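What follows is a single structure, written as structure tokens, with notes after it.
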Amino acid sequence: MKNIIEVKNLTKNFNGFVAVNSISFLVKEGEIFAFLGPNSAGKTTTVKMLTTLLKPTRGEIRVNGYDPITHPHNVRRSFGIVFQDQSLDDELTAYENMEFHGILYQVPKDIRQERIEKLLKFVELWNRKDDLVKHFSGGMKRRLEIARGFLHQPKIFFLDEPTLGLDSQTRNHIWNYIKELNGKEKTTVFFTTHYIEEADRVANRVAIIDNGIIVAQGSPQELKELTQSSSLEEAFLKLTGHTIREEEAAAIDRLRMRRKIMRR
Amino acid sequence: MSAIYILWLRQIKRYLRSRARIIGSLGQPLLFLIALGFGFGPIYQRAGGGNYIQFLAPGVIAMSIIFVAIFSGLEIIWDRQFGFLKETLVAPVSRLSIMMGRTLGGATVASMQGIIVFFVSLIAGFRPVSVMLLPLAFIFIFLCALLFTAFGTAIASLLEDMQGFQLIMNFVIMPLFFFSGALFPLQGLPKTLQVVARLNPLSYAVDGLRGTLVNGARFGLMTDFWILAIIVGVLMTIGSYLFSKIQI
């Protein structure tokens, strides 16, 4: 099977702070790959570099065979993404959000309409298609984002903590959608999460990153055997230690806080 | 092209759907027109200035435009974290089209707001001298809107969060408004303030509006037009450059 993502000696410095330190990994076409790590380990930074949002300091990336720096548009056409923070337009309806995405990705009109209907039915939002997104719950918004990300038939689907803040029922549902789309559309899935048991359940392969360095990678089974653990969670703690990671509040955390307050 | 259109359309849809915002942002210009217009009217008349509402209305229209325009530019700060902007930044669309779509959308919305305030000022007693010149006035409205949306976008590309917002409000927007000749004539001001007003792009928008609505252009309509057009060009260039450098 060919590699759809190739990362070699990837490094990112932020004014002297090394967020990602010379990491290398491969993701095979069609697999579900989990990228795990404690807070501020470098997960989101890596996802941003893979998805053309951030320029690496050093190292090589190939996404679907293209370099994000020299061929950003080819890379962008290759993936769909669900961000950690919601990225829908609240003042538009579910259908309009889908339609805007389709136009931005130049999906021809007839295919666009057909795919929007199919995907909205798939995530069970078709009967709410004309409602403004601001009336949706957190789980509904996530489902809509998943449907939207698949609209242009990407080869790779990135999810950055897709189930954060959702209840078990919704989380379960969301993984079922993603697994089904992974099977049906042969889309490679690359995700980060704090819920290690989710990775244990759905991922074919896992990489664990800590302080910007990949400390282990392999199938969940391999990692459990390596650390002689009964669960991936236990293996994760053995590999990354028990200390709590202190994070400095960045601009983004202040924005998140304001957003919570304004919602009330 | 379709990307620019869809981003423009999105701004228009959002504007038309937020009735509360439209009505809310009419409050301030209305207050200025009524409180200042009728409050200072008699003094202005006695000082030989003529009808103050006639003088004030173009200034208040310009004010409502710059508020809406700068805000819609600044929205990017918010949007790049929680909104459609992030979604557009990973789409196969050039940064220039994203910035153009947003700026044109914001400018259209600000112009609509300016036109609404124009109609409101008619109720307050304002009378434009010539219907023939109205299309020209709309051109100035749009130029003014474009200029300050591009300005807002440029600032927003430099800021990480909303912390600097008050700073911009009190040290940029308010001074621009007060030293533009929107509220009082620039003739007879101390030399320093005259120079400040001369350097303020809003002065030319106010002057252009006054010229087309009540025939009171001080700098001349052609001067106003060209100065505004050049500044729009410069700000759009700076704005696109800064916007293209945004990393999330």
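Here, each number is a calculation from the coordinates, and none is a lab measurement. Please read all numbers here as calculations on a predicted model, not as lab measurements. When we count neighbours, we look across all protein chains shown, and the Cβ atoms used for this are built from the backbone with ideal geometry, even at glycine.
Summary of values
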item	result
Cβ-Cβ under 6 Å pairs, at least 6 apart or on other chains, segment B:173-194 side crowded, with 18+ Cβ neighbours inside 10 Å, far side in a loop (DSSP other than H, G, I, E, B)	B:Leu176/B:Asn200; B:Phe179/B:Asn200; B:Ser180/B:Asn200
Qualifying residue in segment B:70-77 (condition: in contact with a helix residue (DSSP H, G or I) (Cβ under 8 Å, 6 or more places away or on another chain), more than 20 Å from B:Leu176 (Cβ to Cβ) and among the acidic types (Asp, Glu))	no
Segment A:46-65, residues that are on the phi > 0 side of the Ramachandran plot and more than 9 Å from every other protein chain (Cβ to nearest Cβ)	A:Gly59, A:Asn64, A:Gly65
So A:Pro68, is it under 22 Å from A:Thr187 (Cα atoms) and within 10 Å of another protein chain (Cβ to nearest Cβ)	no
Strands (runs of 3 or more DSSP E) completely within segment A:151-254 that count 2 or more residues being closer than 30 Å to A:Arg112 by Cβ and within 14 Å of chain B (Cβ to nearest Cβ)	A:156-160
Condition met for B:Gly216 (outside any helix (DSSP H, G or I), small (Gly, Ala, Ser) and touching a Lys or Arg at 6+ places or on another chain (Cβ under 7 Å))	yes
Test: A:Asp85 is of a type outside the set (Val, Ile, Thr), within 12 Å of chain B (Cβ to nearest Cβ), over 18 Å from the mean Cα position of the chain (by Cα) and more than 23 Å from A:Lys184 (Cα to Cα)	no
Qualifying helices (runs of 4 or more DSSP H) (wholly inside segment B:163-204; at least 2 residues being basic (Lys, Arg) and over 20 Å from B:Ser72 (Cβ atoms))	B:191-199
Conditions (1) under 19 Å from the mean Cα position of the chain (by Cα); (2) surrounded by fewer than 16 Cβ atoms within 10 Å (Cβ to Cβ); (3) more than 11 Å from chain B (Cβ to nearest Cβ); number of the one not met by A:Lys43	(2)
Scan of segment B:103-142 for residues that are touching a Gly at 6+ places or on another chain (Cβ under 8 Å) and surrounded by 24 or more Cβ atoms within 10 Å (Cβ to Cβ), ordered by number	B:Thr103, B:Gly106, B:Phe140, B:Ile141
Segment A:107-135 - residue that is within 14 Å of chain B (Cβ to nearest Cβ) and in contact (Cβ under 8 Å) with a residue 40 or more places away in the chain and, of those, surrounded by the fewest Cβ atoms within 10 Å (Cβ to Cβ)	A:Lys134
Pair list, Cβ under 8 Å, 6 or more apart: segment B:78-101 residue more than 7 Å from every other protein chain (Cβ to nearest Cβ) and outside any helix (DSSP H, G or I), other residue surrounded by fewer than 19 Cβ atoms within 10 Å (Cβ to Cβ) and of a type outside the set (D, E, K, R)	B:Arg80/B:Ile246; B:Arg80/B:Ile248
Every pair of residues 6+ apart whose Cβ atoms lie under 9 Å, when the first sits in segment A:29-52 and is without any contact (Cβ under 8 Å) to a residue 12 or more places away in the chain while the second is crowded, with 22+ Cβ neighbours inside 10 Å	A:Lys48/A:Lys12
Count of segment B:15-38 residues which are free of Cβ contacts under 8 Å to residues at least 24 places away in the same chain and either more than 9 Å from chain A (Cβ to nearest Cβ) or buried (at least 16 other Cβ atoms within 10 Å of the Cβ) (or both)	10
Which numbered condition A:Ala94 misses (of (1) crowded, with 22+ Cβ neighbours inside 10 Å; (2) more than 20 Å from A:Lys141 (Cα to Cα); (3) over 15 Å from the mean Cα position of the chain (by Cα); (4) small (Gly, Ala, Ser))	(2)
Residue in segment A:189-202 that is touching a residue at least 12 places away in the same chain (Cβ under 8 Å), among the small types (Gly, Ala, Ser) and out of contact with any Leu (no Cβ under 8 Å at 6 or more places or on another chain) present	no
